[in-house]
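Following: one structure in structure tokens, then a few remarks.
The values are calculated or read from the model by the stated rules, or taken from the named source; none is laboratory data. In this text, all values refer to a predicted model and were calculated from it rather than measured experimentally. Using ideal geometry, Cβ is built from the backbone for each residue, glycine included, and neighbour counts are taken over all protein chains shown. Note: areas computed on protein heavy atoms with side chains; ligands, DNA, RNA excluded. Shrake-Rupley method; radii C 1.70, N 1.55, O 1.52, S 1.80 Å.
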Amino acid sequence: MIWNRSSPVRQHRSWRERLHGFFWGSGLRKVLSVVVLSRFFIFVVGIFSIVFLPKFAKYQEFSHSLPVDMWIRHDALKYLAIADKGYSFYNPGQPSSAGWFPLYPSLIRAGQYVLDPAIAGIITSHVALIVAMLLLYRLLRLDLSRQLSYRTILYMLVFPASIFFSSIHSESLFLALSVGSFYAARRGGWGIAGTLGFLASLTRAAGILLLPALFIEYCVQKGFIKGWTIDLRKLHTFDCSVGWLALIPAGTMLFGLFLYRTFGNVFAYIDVQVDVNRTVSLLATLLRGEPLHSAALLGVPYLLFAVALLYFMRTTLRQSYVVYTLLSLMLPLYTSFTLAMYRYMIVVFPLFMMLAIVAARARTHRYVTVGSIILLVIYMVGFVNGATFVF
């Protein structure tokens, strides 16, 4: 475990001073500047790509101005449709919006009373991203040095999939809620951790993975788990605060209840994703004994990269982070496009913690940063101009 400081001395401050210090304390202004610069960079790349570069087969134009239009890609169409008209019909084997969780489009719907829905979605994503990065910095500083914390955030913001943080997608919101849940748990605020986990499970199917990860964190803090061994003598340390974690699956269950009342299928969100993605889902294809689709292979390098980081993580980071990462990598192997593995990685913050530790040397750090920026440019060009390799 990598520790770098002792607990700060408690001071009596008003709630306004605490809130200001939390979001604008030492180091956080630098985090905010990295967020702003990275978003400005991909914005410029996106505008340049649409104006000057050739278009791919799936390029689409909409009725918005160019700075807004370029973010309406892929799942953004689903989220905007849900925000506008609610969930469409569901028939097994047919496309439906039932595979997309409700919290993010609900926020868009709330914003569209005063803004265009697409603009409301872009603002929602960017506000969530800022909150996510500020919370993540606070969480990272519990374990990592200031430099490694900055690098973790930098690697996330220049990773190719970070384009979805700015698009009309749920990545930013999910990251903010999941990181907030972990941070609250690390500070012993299990009620807040459970509540944020509940909201995360209303945002994406992966939100339910917070339950086993935070339960492991609870067991570690209570001394029930030491290293990777269980100490049964510490069972008496459990208290009712662990019950707050039951809120996490309640979000998924609530969405399932809605789908049952609306479409008669509590697992419609799973069926839709599997029906859509089964042809390029790596594990599902292998289990059926079918030949691999070429698109499935495009996500394999990212998967191998994540597995390598997970291997080093097991003896370096907290057990809850290892469990969360392992489950987050396993889930999309069956239910989702393997091509989109890089998208699922972007919200798994322990991967980038481990990358920052592995790339601690200055030369390695430069290679990782420059390589990520090059890939980010390539994916941003493909994203706005309709390339099939960006999904």
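Whenever you get a sec, compute what percent of the accessible area on the chain sits on carbon and sulfur atoms (1.4 Å probe). Walk me through the intermediate numbers first.
Working: 12250 of 18190 Å².
C and S atoms contribute 67 percent here.
Averaged over every viewing direction, what's the projected area of the C-alpha convex hull for the stretch 143-185? Give it in nm², one decimal, please. Write out the running numbers ahead of the final one.
Details: hull surface 13.5 nm².
In nm², the orientation-averaged hull projection of the stretch 143-185 is 3.4.
Between ILE225 and VAL220, ASP231, the built amide H atoms are under 5 Å apart, and every one of these is 5 or more places off in sequence or on another chain.
Semi-axes of the equivalent ellipsoid of the stretch 48-147: what are they in whole Å, largest first, if each equals the square root of 5 times a C-alpha gyration tensor eigenvalue?
Numbers: eigenvalues 161, 91, 48 Å².
Taking √(5λ) for each Cα gyration eigenvalue gives 28, 21, 16 Å.
Computed over the alpha carbons of the stretch 81-211, Rg followed by Dmax gives 16.1, 51 Å.
Please give the FRET efficiency for VAL300 paired with TYR367, using the beta carbon to beta carbon distance and R0 = 22 Å, rounded to the nearest 0.05.
Numbers: r = 21 Å, r/R0 = 0.97.
So the FRET efficiency works out to roughly 0.55.
Which one of TYR59, TYR90, PHE389 is farthest out on the positive end of the charge dipole of the chain, using unit charges on Cβ (Lys, Arg +1; Asp, Glu -1) and the Cα centre as origin? Checking the options against the dipole of the chain, the answer is PHE389. Multiplying the residue separation of LEU37 and LEU235 by 0.36 nm and removing their Cα-Cα distance gives an extension gain of 66.4 nm. Over the chain, what is the relative contact order in whole percent, taking alpha-carbon pairs under 8 Å and six or more residues apart? The normalised contact order for the chain reaches 23 percent.
Using a ≥ b ≥ c from the Cα gyration tensor of the chain (square roots of the eigenvalues), is it rounded, prolate or oblate, where a/c under 1.5 gives rounded and otherwise the larger of a/b and b/c decides, a/b for prolate? Present the calculation step by step, with values, prior to reporting the outcome.
Values: a/c = 1.40, a/b = 1.23, b/c = 1.13.
Cα axes put the chain in the rounded bin.
How much FRET efficiency would the formula 1/(1 + (r/R0)^6) give for GLN147 and HIS64, where r is the Cβ-Cβ distance and R0 is 41 Å, rounded to 0.05? Working from the Cβ atoms, E equals 0.50.
Taking the Cα centre of the chain as origin, sum charge times position over the Cβ atoms of Lys and Arg (+1) and Asp and Glu (-1), and report the length of that vector in debye to the nearest 20. Could the numbers behind the result be given before it?
Details: 34 positive and 14 negative charges, 299 e Å.
In total the dipole reaches around 1440 debye.
Using only side-chain charges placed at the Cβ, +1 for Lys and Arg and -1 for Asp and Glu, the dipole size of the stretch 45-152 relative to its Cα centre rounds to 360 debye.
For the chain: lysine pairs with Cα atoms under 23 Å, gap of 8 or more or different chains, count? Could you put the intermediate results ahead of the total?
On the way: LYS55/LYS78; LYS58/LYS78; LYS222/LYS234; LYS226/LYS234.
Lysine pair count for the chain: 4.
Rounded to the nearest 20, the size of the Cβ-charge dipole of the stretch 163-244 about its Cα centre is 240 debye, with Lys and Arg at +1 and Asp and Glu at -1.
Taken as Cα centroids, the stretch 122-158 and the stretch 179-203 sit 17 Å apart, rounded to the nearest whole angstrom. For the stretch 296-358, the alpha-carbon coordinates run over 31, 19, 16 Å along the three principal axes, in decreasing order. For the stretch 245-259, putting each phi into the Karplus relation 6.51 cos²θ - 1.76 cosθ + 1.60 with θ = phi - 60° gives couplings of 5, 5, 5, 4, x, 4, x, 5, 5, 5, 5, x, 5, 4, 5 Hz, in residue order, rounded to whole numbers and with x for Gly and Pro. For ARG73, the amide hydrogen comes within under 5 Å of the amide hydrogens of ILE168, counting only partners 5 or more places away or on other chains and with H modelled in the peptide plane.
Provide the FRET efficiency to the nearest 0.05 for the VAL51-VAL114 pair, computing r from the beta carbons and using R0 = 35 Å.
Working: r = 30 Å, r/R0 = 0.86.
So the FRET efficiency works out to roughly 0.70.
Karplus-based coupling profile of the stretch 37-47, in residue order and whole Hz: 5, 5, 5, 5, 4, 6, 5, 5, 4, x, 5, with θ = phi - 60° in 6.51 cos²θ - 1.76 cosθ + 1.60 and x standing for Gly or Pro.
Per-residue ellipticity at 222 nm computed for the chain from its helices equals -19500 deg cm²/dmol, with DSSP H segments shorter than 4 residues left out and the rest contributing -39,500 (n - 2.57).
Multiply the residue gap between LEU254 and LEU28 by 0.36 nm, knock off their C-alpha separation, and tell me the result in nm, one decimal place. Show your work: numbers first, answer last.
Values: separation 226, 0.36 × 226 = 81.36 nm, distance 3.56 nm.
Extra length available between LEU254 and LEU28 comes to 77.8 nm.
Model label sites at VAL242 and ALA81, defined 7 Å from Cα along the beta-carbon direction, differ in position by 4.4 nm.
Annotation: amide H of GLY299 within the under-5 Å range of LEU339, sequence separation 5 or more or interchain, hydrogens built in the peptide plane.
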